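**Q** Let me give you the structure first, and then I'll get to my questions.
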């Protein structure tokens, strides 16, 4: 090896072992400047740990379930599934997301129902997202069989896994109608066998083919099921879900599907029900993602039936550990190879050596919260995250966005609050034709209706089917 080649190799190793790639570091700094000053708090991870979460739009808007409410516009089911359109649009959107948000960010393959794509188109879309530096998660109602999952995970030519890991979010709640085997749901517990079957398919996939998975559970909250949240969590927390996400219903999408007085529900009441189901004190103030009016997140898990929190927001030792973690780890991607991760962590420790000293007592406190060494050895701790995402009504999003597009700050307090929330939005969707990301609430409330009308002309139902 020549001296010149050695220098190039060493330079490559130095760059790859940095805690964050240079382009991600730049994107994080830019994102931090973009969010409102009011949410640049010590517990804020947006702009410091991640640049945000992303979702696709207009790539497969159809769905074969009927939900009340549904965030999709009335024209979404007038668009046919077309594999080439899907893959092309996913690639274009994720390329822009990578340019703006940097590599290694989470992205949802979402639109209508992802499994209406054939397994091949689904797999191509996931691989496209991975190629564009995203960590994809497929969003589904979970009404599919193991044969579909196996075809998705395995290469048809070799029969071997084409993905080592899959992330899926299954949406299950009693507002959804048309699920096979249970056309109409009377209570949330009726869905527990379907939730369990969803998780069991992925367990089987790992046993038979070695493909691991991360599973999230999504649930729309309405006045009709809010009091059933604790029961859902208790029944499902040991099924295999690692994240439970709750979305209070909002007046977005097709007005024909608005059936209840959603505004009567308060976020605090919903969070109380989530905490009741967890069976322990949740600490959403320890780590914040975006605007607290939009997102609440509690990290922790279970050791048997015992709930434990990762960070206790009232314990200043834990607060200090969180701050040291953030200043040392920053935007490190923990999913890289083990050897590369060790190199990144070593460099992270060098830039914040106090984190190592604080880590030992923190781990001892965490062990105690898990129930102590004996309980940990008897019942392996399992991490479970609880999230609440509160979307805004279309009636307030539209004037807020229109004013922002004109560079105006609304004098109406409710609209101004919506503008603040949109500026600090954690969840964005890419628009390559405009070269920008837009908040998800804007996509659903303002852009989807016109977009789906155009898609219905581009991909009419009477056209040739393409879902392979």
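Read-outs: derived from the displayed coordinates by stated rules, not from any lab. Note that this is a predicted model, so its numbers are computed, not measured. Cβ placement follows ideal geometry from the backbone for every residue including glycine, while neighbour counts extend to all protein chains displayed.
**Q** From the helices alone, meaning DSSP H stretches of at least four residues, give me the mean residue ellipticity at 222 nm for the chain, per-run term -39500 (n - 2.57), in deg cm²/dmol to the nearest 500.
**A** Value at 222 nm, helices only: -12500 deg cm²/dmol.
**Q** If you don't mind, another one. Applying a 10 Å radius around every beta-carbon, put 347-354, 96-103 in order of their mean neighbour count, most first.
**A** 96-103, 347-354
**Q** Specify, per residue and in Å³, the volume enclosed by the convex hull of the alpha carbon atoms belonging to segment 117-174.
**A** So the per-residue Cα hull volume is 87 Å³.
**Q** With a Förster radius of 22 Å, plug the Cβ-Cβ distance of residue 461 and residue 398 into 1/(1 + (r/R0)^6) and report the FRET value to the nearest 0.05.
**A** 0.20
**Q** Binning every alpha carbon pair distance of segment 1-148 at 5 Å from zero, what are the percents per bin?
**A** Going out from 0 Å in 5 Å bins, segment 1-148 shows 2, 9, 15, 15, 14, 13, 11, 10, 6, 3, 2, 1, 0, 0 percent.
**Q** Highest mean first, how do 262-270, 148-156 rank when packing is the count of other Cβ atoms within 10 Å averaged over residues?
**A** Numbers: 262-270: 13.8, 148-156: 17.6.
In descending order of packing, they fall as 148-156, 262-270.
**Q** What is the pair-distance distribution P(r) of segment 311-358, computed from all Cα-Cα distances in 10 Å bins starting at 0, with each bin given as a whole percent?
**A** Result, from short to long distances: 28, 45, 24, 3 percent.
**Q** Given a cut-off of under 8 Å on Cα pairs at least six residues apart, what relative contact order in percent is computed for segment 102-226?
**A** 24
**Q** Whole number please: convex hull volume per residue of the Cα set in segment 355-413, in Å³?
**A** 200
**Q** Could you give the length gained on full extension between residue 334 and residue 293, defined as 0.36 nm per residue of separation minus the Cα-Cα distance, in nm?
**A** 11.9 nm
**Q** I would also like to ask the following. Quick one: of the DSSP bridges fully inside the chain, what percent are antiparallel, nearest 5? Each step should come with its number before you reach the end.
**A** On the way: 21 of 54 bridges.
Expressed as a percentage, antiparallel bridges in the chain total about 40.
**Q** How far apart, in nm, are two points set 7 Å out from the Cα along the Cα-to-Cβ line at residue 160 and at residue 145?
**A** So the two model labels end up 2.9 nm from each other.
**Q** Among 46-58, 209-221, how do they line up from the highest to the lowest mean number of other beta-carbon atoms within 10 Å?
**A** 46-58, 209-221
**Q** Percent relative contact order of the chain, based on C-alpha pairs within less than 8 angstrom and at least six residues apart?
**A** 22
**Q** Using 0.36 nm per residue, how much length does the chain from residue 413 to residue 32 gain when fully extended, once their Cα-Cα distance is taken away?
**A** 134.7 nm
**Q** Next up: Å³ per residue of the Cα convex hull, for segment 336-468? Don't skip to the end; give the middle numbers.
**A** Values: hull volume 39.0 nm³, N = 133.
Roughly 293 Å³ of hull volume per residue.
**Q** Which whole-number percent gives the relative contact order of segment 1-81, counting Cα pairs below 8 Å spaced six or more residues apart?
**A** 21
**Q** Tell me, what are the semi-axes, in whole angstrom and largest first, of the equivalent ellipsoid of segment 227-342 as set by the roots of 5 times the Cα gyration tensor eigenvalues?
**A** The answer is 30, 19, 16 Å, longest axis first.
**Q** Just to be sure I understand the curve: with the Debye formula and one point per C-alpha of segment 131-239, what is log10 I(q)/I(0) at q = 0.17 Å⁻¹?
**A** -0.84
**Q** Okay, moving on. For segment 209-278, take the alpha-carbon Rg, divide it by the Kirkwood Rh, and send me Rg/Rh.
**A** Checking Rg against Rh, the ratio lands at 1.06.
**Q** While we're looking at this one, here's another question. What FRET efficiency, computed as 1/(1 + (r/R0)^6) with R0 = 22 Å and r the Cβ-Cβ distance, is obtained for residue 131 and residue 209, rounded to the nearest 0.05?
**A** Once the sixth-power term is evaluated, E becomes 0.50.
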